[in-house]
Amino acid sequence: MLVLSLWRIWDEAMSEKPAAGVVMTANELWLKLRLFFDQVEPPTESNLDRMLAKLRRKRLIRYQRQEDSNRFGESLIEVLPTLPRAIPFNDLEAWEAQAALYKGEAQP
């Protein structure tokens, strides 16, 4: 669910400004998770931090966590070009089909 959301954020940003990097805060990411997967409970701060750190180790994102734990939402996340290569959807419809599995809307 997290990687799917990051891919979609990257795709939307590339549609608007192809040359711009895709950088967001943890709060912005959390809001997008709620928007894309409204029927699924988003991860807690500690779980989101752990998942982002794992994606950073896999070099799919750059992640700069705020030192102050009360300001976790201001942590910066940059989607690297390796992420869309790791999960290559041809278009938004292919993304929607995969996302439907998490939403419980998949057709048998």
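With the convex hull of its Cα atoms as the shape, the stretch 2-103 has an orientation-averaged projected area of 6.3 nm².
Label zone (Glu45, point 7 Å along Cα-to-C-beta; backbone nitrogen cut-off 14 Å) within the stretch 51-79: 65-76. The aspartates and glutamates whose alpha-carbon is closer than 14 Å to the alpha-carbon of Lys58, local same-chain residues fewer than 8 away aside, are Glu78. Ordering Glu67, Glu96 by the number of other Cβ atoms within 10 Å of each residue's own Cβ, fewest first, gives Glu67, Glu96. The stretch between Lys58 and Asp91, if pulled fully straight at 0.36 nm per residue, gains 9.5 nm over its current Cα-Cα span.
A short reminder: the numbers here are calculations on the coordinates, not readings from a lab. Remember, it's a predicted structure, so these values are computed and weren't measured experimentally. Positions of Cβ are generated from backbone atoms using ideal geometry, with glycine treated the same way; all protein chains shown enter the neighbour counts.
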